[in-house]
Amino acid sequence: MKTIAHLNHIRKTYGTGEAVLSVLNDFSMEIAEGDFVAIQGRSGSGKTTLLNIIGLLDSDFSGDYELFSYRENGMVVPRNLRDSALSLLRNEMIGFVFQHFNLLEHMTCFENVCLPASFCGHDVDLKQIEAKAYDLMKRLDVADKRDALPSQLSGGQKQRVAIARALLLSPKLILCDEPTGALDVETSRSIMACFRELCRRENMAFVIVTHDQGVADACDRIIKMEAGRIAQQ
Ligand SMILES: Nc1ncnc2c1ncn2[C@@H]1O[C@H](COP(=O)(O)OP(=O)(O)OP(=O)(O)O)[C@@H](O)[C@H]1O
Ligand SMILES: [Mg+2]
């Protein structure tokens, strides 16, 4: 399988001087197309920090990070890109799913799903995007919530709307930070089944930070973080 992300000897610190906190300490990993990986580790072990780096939200680290670009048909070094190129790469490659869904409360579910298109940086065909958004909502079984506000949905429904939003631009790598942390066991299972289906059918890679052993066990690989490194794989 093609490697789509390569992290090599990543070091990340917060603060300076005596207050310096070393969070990622010579951390290396590869992510390939179709990977379905769980990341575990105690609170404060650097999981969200790692996702932010992989997701191109944080470029303040040392070490090498390369991400595949289908547009460029090769590995690129995000650090070398200008902001506009970085946004294009993020839109092309990355989708985020968070524990608390992060839906905008004043927008309808449909508007939330369409939102990534407005940050796209290049011309998008609005009709096509809207058709895709609706199709994703149907696939995730929330099409009937199209005009509802997020506050009118259950937790599982909100998460499915958030997943539809994450998938709108067909990213190749989905980064999930405790995606089932606010959901009951049954709903968690259905969200994981949905991820698995997308992974199988579209060869998307999933990196799922989770404290839930059931979720981790449903992944193909578990990375345990300890002191900023991989403790066990
Ligand atoms: N912006 C920041 N400034 C300073 N320190 C930070 C910042 N963000 C995170 N940290 C610190 O870095 C460490 C790792 O944080 P991170 O959020 O990556 O942990 P985590 O593994 O995601 O934890 P949790 O399971 O609780 O979400 C923690 O000690 C945290 O306090
Ligand atoms: Mg975290």
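At a glance:
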item: Strands (runs of 3 or more DSSP E) enclosed by the stretch 1-47 - at least 3 residues per element that are of a type in the set (A, V, I, L, M) and over 18 Å from Ser62 (Cα atoms); result: 36-40
item: Members of the stretch 196-233 found to be closer than 21 Å to Phe68 by Cα, assigned to a helix (DSSP H, G or I) and open to solvent by less than 60 Å² (accessible area, probe 1.4 Å), listed by number; result: Leu198, Cys199
item: Subset tally (residues that are touching a residue at least 60 places away in the same chain (Cβ under 8 Å) and under 21 Å from Lys2 (Cβ atoms)) for the stretch 78-111; result: 5
item: Test: residue in the stretch 54-67 that is open to solvent by less than 40 Å² (accessible area, probe 1.4 Å) and more than 25 Å from Pro179 (Cα to Cα); result: yes
item: Residue satisfying all of: in the stretch 172-195; assigned to a loop (DSSP other than H, G, I, E, B) and surrounded by fewer than 20 Cβ atoms within 10 Å (Cβ to Cβ); farthest from ligand 1 (Cβ to nearest atom) among these; result: Asp184
item: Members of the stretch 168-181 that are over 16 Å from Gln99 (Cα atoms) and touching a residue at least 40 places away in the same chain (Cβ under 8 Å); result: Leu168, Leu169, Pro171, Lys172, Leu173
item: Test: residue in the stretch 92-110 that is touching a Pro at 6+ places or on another chain (Cβ under 8 Å), surrounded by 20 or more Cβ atoms within 10 Å (Cβ to Cβ) and not hydrophobic (A, V, I, L, M, F, W, C); result: yes
item: Failed item, numbered, when Tyr70 is tested on (1) away from ligand 1 (no atom under 16 Å from the Cβ); (2) modelled with pLDDT of 95 or more; result: (2)
item: Any hit, the stretch 108-126, residues being small (Gly, Ala, Ser), over 18 Å from the mean Cα position of the chain (by Cα) and more than 21 Å from Leu57 (Cβ to Cβ); result: no
item: Failed criterion for Ala5 (all others in (1) open to solvent by less than 10 Å² (accessible area, probe 1.4 Å); (2) in contact with a Ser or Thr (Cβ under 7 Å, 6 or more places away or on another chain); (3) among the small types (Gly, Ala, Ser) hold); result: (2)
item: Residues that are free of Cβ contacts under 8 Å to residues at least 24 places away in the same chain and near ligand 1 (Cβ under 7 Å from one of its atoms), drawn from the stretch 43-58; result: Ser43, Gly44
item: Number of the condition not met by Arg189 [criteria: (1) free of Cβ contacts under 8 Å to residues at least 60 places away in the same chain; (2) of a type outside the set (Val, Ile, Thr); (3) within 16 Å of ligand 2 (Cβ to nearest atom)]; result: (3)
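The values are calculated or read from the model by the stated rules, or taken from the named source; none is laboratory data. Please read all numbers here as calculations on a predicted model, not as lab measurements. Don't worry about glycine lacking a Cβ; one is built from the backbone with ideal geometry, like all the others, and counts go over all protein chains shown. Surface areas here come from the heavy atoms of the whole protein model, side chains and all, with no ligands, DNA or RNA. Shrake-Rupley method; radii C 1.70, N 1.55, O 1.52, S 1.80 Å.
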